[in-house]
Amino acid sequence: AQTIHQWPVAEIKAVGSPLSLGCTIKGKSSPNLYWYWQATGGTLQQLFYSITVGQVESVVQLNLSASRPKDDQFILSTEKLLLSHSGFYLCAWSPGGYAEQFFGPGTRLTVL
Amino acid sequence: GDSVTQTEGPVTVSESESLIINCTYSATSIAYPNLFWYVRYPGEGLQLLLKVITAGQKGSSRGFEATYNKETTSFHLQKASVQESDSAVYYCALGDLVGDNSKLIWGLGTSLVVNP
């Protein structure tokens, strides 16, 4: 069975500080990977997706970047956090050729 | 454009009552929309509850059902008798495959509170 792990579980960071969130999927080779952001009371918004190692496509510009250094790892980062980055970040995977996605537990980010 | 609209929450029902959470979609740029219901139970991650990829078909899981109605562009979630453990946030999503990439468009979510 596939498992998806996100870290950290929660972060409280200062405006202007850097951020790195991680996601690892086990039990599935060459998954499609996704980053989502959800503001409090808002809908889920896809930020990035990756079909293969080293390739990441941006969907929405939020002064964030993503990288896929390994087949099973997806990283979301920024050098300078904004207040508007607060929210819930979800990593997801899908098998190629299927529309459904499977989600990790998420990371709660609070920017003060 | 493509969008999903669902019942605004919170929805509060008593245990053993029936439930319907409405979901309508607009898929102007999607040739073959897939439809999904996801659920987030308190303290847990987002889980796929059910999916239907063919218009006219019904999906079911954990006592919940939803029928993909292309004529009314709807995918309402129903359950005949809810339980307290069904309390959660439910999300309707519209899916598409763009090449090999999955694209999901989400509703705002409906918080369901089931009173004992």
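The values are calculated or read from the model by the stated rules, or taken from the named source; none is laboratory data. Quantities reported herein were computed from a predicted structural model and do not represent experimental measurements. Using ideal geometry, Cβ is built from the backbone for each residue, glycine included, and neighbour counts are taken over all protein chains shown. Ligands, DNA and RNA are stripped out before the accessible areas are found, and what is left, the full protein with its side chains, is counted by its heavy atoms. Shrake-Rupley method; radii C 1.70, N 1.55, O 1.52, S 1.80 Å.
Observations on the model:
- Among the criteria (1) under 20 Å from B:Leu94 (Cβ atoms); (2) open to solvent by 40 Å² or more (accessible area, probe 1.4 Å), the one A:Ala92 does not fulfil is (2).
- Restricting A:Glu57, A:Glu100 to residues that are farther than 15 Å from B:Trp106 by Cα, free of Cβ contacts under 8 Å to residues at least 12 places away in the same chain and at the interface with chain B (Cβ under 10 Å from one of its Cβ atoms) narrows the list to A:Glu57.
- Pairing each residue of the stretch B:44-55 that is facing chain A (nearest Cβ under 7 Å) with any residue that is open to solvent by 20 Å² or more (accessible area, probe 1.4 Å) and in a loop (DSSP other than H, G, I, E, B), provided the two are 6+ apart or on different chains, yields C-beta distances under 7 Å for B:Gly45/A:Pro105.
- Residue that is within 20 Å of B:Ala93 (Cα to Cα) and among the small types (Gly, Ala, Ser), where the choices are A:Ala39, A:Ala10, A:Ala66: A:Ala39
- Here B:Val39, B:Val13 are screened, and the one residue that is open to solvent by less than 20 Å² (accessible area, probe 1.4 Å), under 30 Å from B:Pro116 (Cα atoms) and away from every other protein chain (no Cβ under 14 Å) is B:Val13.
- Residue selected from the stretch A:28-51 under the condition open to solvent by 60 Å² or more (accessible area, probe 1.4 Å) and more than 15 Å from the chain's Cα centre (by Cα), by the criterion nearest to the other protein chains (Cβ to nearest Cβ): A:Gly41
- Hey, A:Ser86 more than 14 Å from every other protein chain (Cβ to nearest Cβ), more than 13 Å from the chain's Cα centre (by Cα), of a type outside the set (Phe, Trp, Tyr) and surrounded by 14 or more Cβ atoms within 10 Å (Cβ to Cβ) or not: yes
- Odd one out for A:Pro95 among (1) touching a Leu at 6+ places or on another chain (Cβ under 8 Å); (2) within 25 Å of B:Gly107 (Cα to Cα); (3) not polar (S, T, N, Q): (1)
- Listed by first and then second residue, the pairs with beta-carbon distance under 7 Å, at least 6 apart or on different chains, first residue in the stretch A:66-88 and on the phi > 0 side of the Ramachandran plot, second modelled with pLDDT under 95, are A:Gly87/A:Gln38; A:Gly87/A:Ala39; A:Gly87/A:Thr40.
- Extreme residue, surrounded by the fewest Cβ atoms within 10 Å (Cβ to Cβ), among residues of the stretch B:66-107 that are in a loop (DSSP other than H, G, I, E, B) and within 14 Å of chain A (Cβ to nearest Cβ): B:Gly99
- Test result for B:Ala31, of a type outside the set (Ser, Thr, Tyr), within 14 Å of chain A (Cβ to nearest Cβ) and farther than 30 Å from A:Thr107 by Cα: yes
- Restricting the stretch A:95-110 to residues that are open to solvent by less than 10 Å² (accessible area, probe 1.4 Å) and outside any loop (DSSP other than H, G, I, E, B), the residue that is farthest from A:Val9 (Cα to Cα): A:Leu109
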